[in-house]
Amino acid sequence: TDYNNAKLITPTASLSFGAFFTPVVGARLHASGLWNKGGYEGHGEDFKYDYKYVTTDLDLMLNLVTLFGRKNYYPVNAYLIGGIGLNCAWDNDDAYARKDVMPMAYNDTRFSHNARVGAMLDINVHKNVSVNLEVAANSLSDRYNSKINGRDDWQLTAQLGLAFKFGYKQKP
């Protein structure tokens, strides 16, 4: 519907638990969500609507620094992230109230697949604590935003994070 995406920016929160099996390969369970916005512009109409969502993913993480490096510790790490999961959206009353122009709006809970790809830059500030920036693209069901256009909907996220690393062992 050619709605201005800059008007749809919303905050999100996430929590992840994971482990690295080798210095290069790790996995995590990642959950994110809060609320989201959609917009409709067309046929003389222009309005925004919001709804709540949560996305859970099982992510594979590859540490590019240790993949090409020769030592076990680096103060800065870069990761590639890929995962699959399930998205749940609800409380879509604003869009459902405009079902006259958005016939695909849902009033119930909507479940969707989620496939994600992203990257993260992680900077150690202590041996057990780091700060990171993660950017990801999530592919969701076409009806996730109450509109249908014949292809998956995309949700782009950028998050600042704080990581606590448990089980840190220094080699003798």
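Would you pick out the residues in region 129-162 that are within 25 Å of residue 72 (Cα to Cα) and either touching a residue at least 60 places away in the same chain (Cβ under 8 Å) or of a type in the set (Asp, Glu) (or both)?
134, 161
Here is a list: 42, 82. Which entry is among the small types (Gly, Ala, Ser) and at pLDDT below 90?
None of the other options fit; the residue is 42.
For the condition buried (at least 17 other Cβ atoms within 10 Å of the Cβ) and not β-branched (Val, Ile, Thr), what is the one hit in 26, 18?
Residue meeting the stated conditions: 26.
Give me the residue from region 42-69 that is out of contact with any strand residue (DSSP E or B) (no Cβ under 8 Å at 6 or more places or on another chain) and free of Cβ contacts under 8 Å to residues at least 24 places away in the same chain and, out of that set, least open to solvent (accessible area, probe 1.4 Å).
By that ranking, first place goes to 69.
Return the pair list, or none, for Cβ contacts closer than 6 Å from residues in region 88-108 that are in a loop (DSSP other than H, G, I, E, B) to residues that are open to solvent by 60 Å² or more (accessible area, probe 1.4 Å) and aromatic (Phe, Trp, Tyr), at least 6 apart or on different chains.
Partner pairs satisfying both residue conditions: 105/96; 107/96.
State all residues of region 114-165 that are at pLDDT below 85 and open to solvent by 80 Å² or more (accessible area, probe 1.4 Å); if no residue qualifies, say none.
Matches in region 114-165: 127, 148, 149, 151.
What number goes with the only condition from (1) closer than 28 Å to residue 62 by Cβ; (2) in contact with a strand residue (DSSP E or B) (Cβ under 6 Å, 6 or more places away or on another chain); (3) free of Cβ contacts under 8 Å to residues at least 24 places away in the same chain that residue 126 does not pass?
(2)
For residue 83, all conditions in the list (1) farther than 30 Å from residue 150 by Cβ; (2) in a strand (DSSP E or B) hold save one; what is the number of the exception?
Status for residue 83: all satisfied but (1).
The values are calculated or read from the model by the stated rules, or taken from the named source; none is laboratory data. Computed from a prediction, not measured in an experiment: that's the story for all the values here. Note: ideal-geometry Cβ built from the backbone for every residue, glycine included; neighbour counts use all protein chains shown. Areas reflect the complete protein model, heavy atoms only, side chains present, ligands, DNA and RNA absent. Shrake-Rupley method; radii C 1.70, N 1.55, O 1.52, S 1.80 Å.
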